[in-house]
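What follows is calculated from the coordinates using simple rules that are stated; it is not laboratory data. Predicted, not measured: the structure shown is a model, and the values here were computed from it. Please note: Cβ atoms are built from the backbone with ideal geometry, for glycine as well, and neighbour counts cover all protein chains shown.
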Amino acid sequence: MDQAYFSALAALAGSAIGGMTSLATSWLTQHAQLRAQQLGHDLGRREDLYRDFIEEASRLYTDAFEHDKADTSQLVKLYALVSRMRVLSSSRIIESADKVCRVIIETYLSPNKTFRDLLEFLDHDAMDPLREFSNACREELRRLGVS
């Protein structure tokens, strides 16, 4: 009789352990999938934000070469993008984005440039004020999981 109880308890314990293992495995799998989805979503948001900033900064930088008066309403979108980055991005990216904004404003304040004037900028980083920002973005995205 004791052997019957022992066998029944052993079967019940084995079944409980198997069920718990299955439940734990399912939970861990779901948790890992959720984290992967959240990371993918976060990376996608950052990539979109960085792309939008690069496009807007490039447009304004080109406009600043041709015009000496900035329309402040055009700069609002650029600063809005920087503010969004403050929520998501590292301090290196924010500092780089602030430098880009400063270069754009300084370019608006300087005399207009012609195509011939661009030759003097070719040997300097002035032609590519987004280089530091782009490098910082690439490093951050790689660190977060994008190869």
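What you get for the range 45-144, charging only the Cβ of Lys and Arg (+1) and of Asp and Glu (-1), is a dipole of about 500 debye around the Cα centre.
The trypsin sites (Lys or Arg not before Pro) of the range 8-105 that DSSP puts in a loop, and whose beta carbon has at most 14 other beta carbons within 10 Å, are 69. To the nearest ten degrees, helix 131-144 and the longest principal axis of the Cα atoms of the chain are 0 degrees apart.
Note on the chain: Rg/Rh from Cα positions, Kirkwood definition for Rh, rounded to two decimals, is 1.44.
The P(r) of the range 12-66 has a tail past 12 Å containing 76 percent of all C-alpha pairs. Near residue 89: Cβ cut-off under 15 Å, other residues only, Lys/Arg at +1 and Asp/Glu at -1. The net charge is +1.
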